[in-house]
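Data first, discussion second: the structure below is written as structure tokens.
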Amino acid sequence: MFKKRGQPENFFTNHKLWMGVTTLIGTIVGAGILGIPYVISQSGFLVGSIIIILLGVSLLFLNLLTGEIVLRTKKQHQLTGYAERYLGRWGKRLMAFSLMFSIYGALTAYLIGEGETLKAIFGFLNFGTPLFYSLVFFSIAFLIVYKGIKAAGKMELILIISLLLIIILIGVFSFEQVKVENLTTINLAKFFIPYGVIFFALMGSPAIPEVQEVLENKKQKIRKVIILGSIIPIVLYILFALFVLGIVGLDNFNSLQPNERIATIALSIFSSPILGMFANIVAVLAMFTSFLTLGIALVEMYEFDYHLSRRKALLLAFSLPLIITLFKLSTFIAVIATTGAIAGGFEGILILLMYQKVKKLGDRTPEYSINTSKYFSYFLILLFGLGIVYQIFINLF
């Protein structure tokens, strides 16, 4: 679409604004969405929706703070660079740990999830276990990364959108199967169970520097991009949880094996088999492109930033996810819950600490500024810190 002379600029006529929003959404919406319905089933749809909204607003706030940090700095960095500039070497190291923890967690979740989802797709063959399919997937993906073939970021976004459209179709065609009683259960004793998975599903701050690059000379639009790109996933997750939980229900989720509680697998069992099959196929492809993107990024980080040989970089990048999957040391849900609570918690705390420094040390006038109370920042630091402690406690005991 071309904007006619004198025509007011709006979202639909602004290509860069649209690209910025889709860049942020493409980063936020990923494998985490596949774990949301099960964890929400434990606490109840209403409680889970409240957690999605509260965490969504908190991470929207974090994304806006990250945007202001980026805008107050003349030189372009990634989050580790901003952490070093405003917090010093310890900040850079902790941010690097957080990002690496997040990538390793995602790679492990994708590897486990691919095995279970491929098993669901090819279950009619009565051949192979989920571990077998995980190893087949790993072999193909490893070969692609080894050859240096780049994953297509735009394809990943298309696949995620396709997944959401299929889920909506499942909701439409399985509307009669949605049971209100599946959405009215409340279990406050399990209030915190959804925390880590939902945090993982909402993380998007590392994409903010890229959003600024996409906008180029339209940096004044970054605030609108961040707000839209952060709110849309919140709405999608609530609708997604409503459809899936309404159809599957708590009892059916609990009757499944731990790694069968991936949303698309549960749908293929308890909803329309054909639409469930398509949902699983799109989920496989979406996780596949994400695995390649993150895998290549991790290998290149070891190669270029730490000056390791390619063989050592490949070994370090892929050995941990493979070991966890081979020895069944964790499940899909547990991996993304741990990654979200711990990596996301550290990332959030560091962003809040950076923001306290950037208004004094920044060397550029930003296009927007957030007026926030330091006490609210302290509250979020406490919240994220307690989330880290809670998740570690759950994992140990």
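The values are calculated or read from the model by the stated rules, or taken from the named source; none is laboratory data. Given the structure is predicted, the values throughout are model-derived calculations rather than measurements. Note that we place each Cβ from the backbone using ideal geometry, even for glycine, and neighbour counts take in every protein chain shown.
The listed residues are PHE199, PHE253, and the only one of them that is closer than 18 Å to ALA109 by Cα and aromatic (Phe, Trp, Tyr) turns out to be PHE199. Would you be able to say whether some residue in the range 48-64 is in contact (Cβ under 8 Å) with a residue 40 or more places away in the chain, farther than 30 Å from GLN220 by Cβ, among the aliphatic types (A, V, I, L, M) and surrounded by 24 or more Cβ atoms within 10 Å (Cβ to Cβ)? No, every residue in the range 48-64 fails to be in contact (Cβ under 8 Å) with a residue 40 or more places away in the chain, farther than 30 Å from GLN220 by Cβ, among the aliphatic types (A, V, I, L, M) and surrounded by 24 or more Cβ atoms within 10 Å (Cβ to Cβ).
Inclusion of LYS119 among residues that are basic (Lys, Arg) and crowded, with 22+ Cβ neighbours inside 10 Å is warranted. Being touching a residue at least 40 places away in the same chain (Cβ under 8 Å) and surrounded by fewer than 17 Cβ atoms within 10 Å (Cβ to Cβ) holds for only one residue in ILE226, ILE247, ILE262, ILE231, and it is ILE231. Here are some conditions: (1) within 30 Å of TYR355 (Cα to Cα); (2) at pLDDT 90 or above; (3) surrounded by fewer than 20 Cβ atoms within 10 Å (Cβ to Cβ). ASN217 meets all but one. Which one does it not meet? That leaves (2) as the condition not met.
Whether any residue in the range 136-143 is touching a helix residue (DSSP H, G or I) at 6+ places or on another chain (Cβ under 7 Å), farther than 30 Å from ILE234 by Cα, crowded, with 19+ Cβ neighbours inside 10 Å and modelled with pLDDT of 95 or more is what I want to check. Yes, there is a match, as at least one residue in the range 136-143 is touching a helix residue (DSSP H, G or I) at 6+ places or on another chain (Cβ under 7 Å), farther than 30 Å from ILE234 by Cα, crowded, with 19+ Cβ neighbours inside 10 Å and modelled with pLDDT of 95 or more.
Tell me which residues, restricted to the range 72-89, are assigned to a helix (DSSP H, G or I) and either within 22 Å of ARG223 (Cα to Cα) or of a type in the set (Lys, Arg) (or both). LEU79, THR80, GLY81, TYR82, ALA83, ARG85, TYR86, ARG89, listed by residue number.
Checking every residue in the range 20-39 against the condition of being at pLDDT below 95 and either more than 15 Å from the chain's Cα centre (by Cα) or charged (D, E, K, R) (or both) gives at least one match.
In the range 364-397, the qualifying residues are those that are under 19 Å from TYR86 (Cα atoms) and β-branched (Val, Ile, Thr), and the one that is modelled with the lowest pLDDT is THR372. Contact map, the range 356-372: first residue closer than 20 Å to LYS221 by Cβ, second residue exposed (fewer than 13 other Cβ atoms within 10 Å of the Cβ), Cβ cut-off under 6 Å, separation 6 or more or different chains; pairs are ARG364/LYS74; GLU367/GLN220. Cβ-Cβ distance below 7 Å, separation of 6 or more or different chains: which pairs start in the range 200-222 with a residue that is of a type in the set (Ser, Thr, Tyr) and end on one that is surrounded by 19 or more Cβ atoms within 10 Å (Cβ to Cβ) and at pLDDT 90 or above? Hits for this filter: SER205/LEU62; SER205/ASN63; SER205/THR66; SER205/LEU79; SER205/GLU347; SER205/ILE351.
Evaluate the following for GLY91: is it in contact (Cβ under 8 Å) with a residue 60 or more places away in the chain, farther than 19 Å from ALA207 by Cβ and over 21 Å from the mean Cα position of the chain (by Cα)?
For GLY91, the condition - in contact (Cβ under 8 Å) with a residue 60 or more places away in the chain, farther than 19 Å from ALA207 by Cβ and over 21 Å from the mean Cα position of the chain (by Cα) - is met.
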